[in-house]
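Let me begin by presenting the structure, written as structure tokens, before commenting on it.
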């Protein structure tokens, strides 16, 4: 074969499996990668759900024991000893409604806040969208919330059939939206803290304490109606307040529902989530140098 024939022969098109691109911008979040890595998300969901209760005596029964014991303690301490009002609702149901929803929020914040520090070993070895980790935490906590929600609905049915003053109404149809708002707020705050802890490690020790303090600034153990008028406006600025109040109003018939407050809460959740994603995206590129 002649040299000219060899050089004119067809050359196969190059094929590559990875593409090196310049440093991406702040708003280049690549959220579509989360869908492509959905199998990995569910793998981490299973890991998070199973590992918590692995090698424990009671195992998944803790999903039932924890909300029941917390509700009993709240009922005794805040309902009977402190004698806080509950808007005429059964004390047990009042505290359980707030506790179940708040526990989901607190779990999302505390666990997602450790995303970078707790998973630095994995992040340094293999690439995948870093948002997979906090997203899997939110979903695994959602499973726990679902179990606890079933327990709450069981007690609600018992009290309702027993003639207790509970009045479920049309606001319970907003429950899916409220759960999404809680998940978004927990995810947003959690990834903000996780991004900041790459530089300021002490924040890890403040998260649990901060969430506990925030609970007392949210009508979880008391109704909004019991707050003095001069402080009510301050409590309403808390994005979690309309969520808790609407949740109780829908399932129990108590609580104050103000659509404007709920709309402002939804905007606040979107704002916190947007700030969290942008900050997470910025830190993600350089966190291995500081962790």
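Where residues in the range 223-235 are touching a helix residue (DSSP H, G or I) at 6+ places or on another chain (Cβ under 6 Å) and not in a loop (DSSP other than H, G, I, E, B), which of them is surrounded by the fewest Cβ atoms within 10 Å (Cβ to Cβ)?
First, the residues of the range 223-235 that are touching a helix residue (DSSP H, G or I) at 6+ places or on another chain (Cβ under 6 Å): 224, 227, 235.
Now narrow it down to the ones that are not in a loop (DSSP other than H, G, I, E, B): 224, 235.
Values: 224: 21, 235: 17.
Only one residue fits best here, namely 235.
Using the structure shown, decide if residue 270 is within 21 Å of the chain's Cα centre (by Cα) and either in a helix (DSSP H, G or I) or under 22 Å from residue 107 (Cα atoms) (or both). Quick ask: steps written out before the conclusion?
On the way: within 21 Å of the chain's Cα centre (by Cα): yes; either in a helix (DSSP H, G or I) or under 22 Å from residue 107 (Cα atoms) (or both): yes.
Yes; evaluated as a whole, the condition is true for this residue.
Is it the case, given these coordinates, that residue 183 is under 16 Å from residue 106 (Cβ atoms), buried (at least 18 other Cβ atoms within 10 Å of the Cβ), out of contact with any strand residue (DSSP E or B) (no Cβ under 8 Å at 6 or more places or on another chain) and touching a residue at least 24 places away in the same chain (Cβ under 8 Å)?
yes
Of all the criteria given as (1) surrounded by 12 or more Cβ atoms within 10 Å (Cβ to Cβ); (2) modelled with pLDDT of 75 or more; (3) not in a loop (DSSP other than H, G, I, E, B), the one not satisfied by residue 52 is (2).
Per the conditions (1) surrounded by 22 or more Cβ atoms within 10 Å (Cβ to Cβ); (2) assigned to a loop (DSSP other than H, G, I, E, B), the sole criterion not satisfied by residue 94 is (2). Summed over the range 101-127, the residues that are farther than 24 Å from residue 196 by Cβ and crowded, with 20+ Cβ neighbours inside 10 Å give a count of 1. Entry remark, the range 187-222: residues being assigned to a loop (DSSP other than H, G, I, E, B) and either under 14 Å from the mean Cα position of the chain (by Cα) or at pLDDT below 90 (or both) number 6 in total. Out of 183, 157, 174, one residue alone is at pLDDT 90 or above and closer than 25 Å to residue 76 by Cβ. It is 157. Within the option set 119, 169, being under 19 Å from residue 248 (Cα atoms) and modelled with pLDDT under 95 holds for one residue only, 169. Within the range 253-265, can you find the residues that are surrounded by 19 or more Cβ atoms within 10 Å (Cβ to Cβ) and out of contact with any helix residue (DSSP H, G or I) (no Cβ under 6 Å at 6 or more places or on another chain)? None; the set is empty. Residues in the range 224-246 that are within 21 Å of the chain's Cα centre (by Cα) and free of Cβ contacts under 8 Å to residues at least 60 places away in the same chain: 235, 236, 237, 238, 239, 241, 242, 245.
Need a quick list: helices (runs of 4 or more DSSP H) entirely within the range 108-186 having at least 1 residues that are over 26 Å from residue 210 (Cα atoms).
Numbers: elements: 115-118, 120-123, 132-161.
In the range 108-186, the matching helices (runs of 4 or more DSSP H) lie at 120-123, 132-161.
Considering only the range 103-112, I want to know if a residue exists there that is in contact (Cβ under 8 Å) with a residue 40 or more places away in the chain, more than 22 Å from residue 221 (Cα to Cα) and within 13 Å of the chain's Cα centre (by Cα). So far as the range 103-112 goes, yes, one or more of its residues are in contact (Cβ under 8 Å) with a residue 40 or more places away in the chain, more than 22 Å from residue 221 (Cα to Cα) and within 13 Å of the chain's Cα centre (by Cα). Just one of the numbered conditions (1) under 20 Å from the mean Cα position of the chain (by Cα); (2) over 25 Å from residue 239 (Cα atoms) is not true of residue 175: (2).
Give the number of residues within the range 247-257 that are in a loop (DSSP other than H, G, I, E, B), on the phi < 0 side of the Ramachandran plot and under 23 Å from the mean Cα position of the chain (by Cα).
Qualifying residue count for the region: 1.
The values are calculated or read from the model by the stated rules, or taken from the named source; none is laboratory data. All of these numbers come straight from a predicted model, not from anything done at the bench. When we count neighbours, we look across all protein chains shown, and the Cβ atoms used for this are built from the backbone with ideal geometry, even at glycine.
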